[in-house]
Structures are given as C-alpha cells and as structure tokens.
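Data first, discussion second: the structure below is written as structure tokens.
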Amino acid sequence: MAVKKLNGQRCIRTQEGSTLIEVIAVVCMLGVMAAVMLPKGRVLASDYPLNAEAARLAVNVANAKALARAWGRPLTLSVFGSSGPLSGYRVTCAQVSDGPCATTSAAVIEPGHPGGFSISLPGGLLFTSSSSVSFDALGVNASGAVFTLTKLGASINVAVDANTGKTSVY
C-alpha cells in the first residue's frame, strides 16, 4: 500500500495492484469456465465427420434433383450397402433410356462424379435404414424421405420435404 501525503500530513492510503485472494478468485473462475466449456468442444469435434457428411448428403440430394430437371429424366437417390452395413448412397435412373440412363442398376455418370454418382461414407459412418428419394423428370419428388446417419452412438437426420423437395439437417 502506498501512503499519499496531503499538505505534509498522512491522510489517504491508496492500494495499488491486486491482493492474493483476488488473484486466486479469478484463477478459480477461469478454471470453472474452462471445465464447463471443454466438454462441449469435445462433442463438437467428435461429431464433425457426422455433421459434415450430413451436409454433403443434403447437397447431393439437391444435386440429384437438379440433374433430374436438367436431363429431363427421373432419378432416384438411394442408400446401398455391401454385405450388410449401409455404407453409401448413389443416384440411379428410375427408367432405362438413352444417354446417362442406359441402365437402372449402375450409378449415373455426371461431370462432378467421374466414377458415377456413388458416394461411400467415411469409416465408422453408417445409415440406419435403407432410404431413397425419387425425383421425376421435372425434379419433383412424390414423397419425402429421412436419411439417418450414425457414428459411435451419435446420429443425425437429413430430411427431404415431400412438398418442396428441400432438405433439412437435424
């Protein structure tokens, strides 16, 4: 503590700096805040692949709708799996015709997907059920669909609205 003199007399004491108690209180508060925030950061980090893949699926549903409209051909985006696990999805033609729809079993070929519009999910991610959504030649879907992705007990849904064809992730 510093003592200030006023007209030669000691009268006012001023305090400079912080006491040890104040410093300890601030450190404790920062520790509590870090403990509360840290688990949330871990959850978000572990869910990142799940959220990213759900966003990618939503974009590819919109791409399939746009392709159906652009090509004037009905297309279906459906979940597939090899020997059990449902580990990917592909866009196929709903009817056989010329051009990109020479078969209904193989994934369609389009510029953004040189090996066919077929997506395999990264390791550990799976679909919980076999879902599909179909778009007619105008890009309109007759019924909605919900795709559920899971990883290590966590899950996320990608829904396709039956009326508008818009996707939402929740």
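All of the numbers you see were taken from the coordinates with simple rules; none came from a lab. Remember, it's a predicted structure, so these values are computed and weren't measured experimentally. Backbone-built Cβ (ideal geometry, glycine too); neighbour counts: all protein chains shown.
A few points about this structure:
- Among 19-30, 50-61, 146-157, sorting by the average number of other beta carbon atoms lying within 10 angstrom of each residue, highest first, gives 50-61, 146-157, 19-30.
- Distance in nm between pseudo-label sites at Val32 and Ser132 (7 Å out along the Cβ direction from Cα): 5.7
- In this calculation the C-beta distance from Ala142 to Tyr48 is compared with R0 = 35 Å, giving a FRET efficiency of 0.55.
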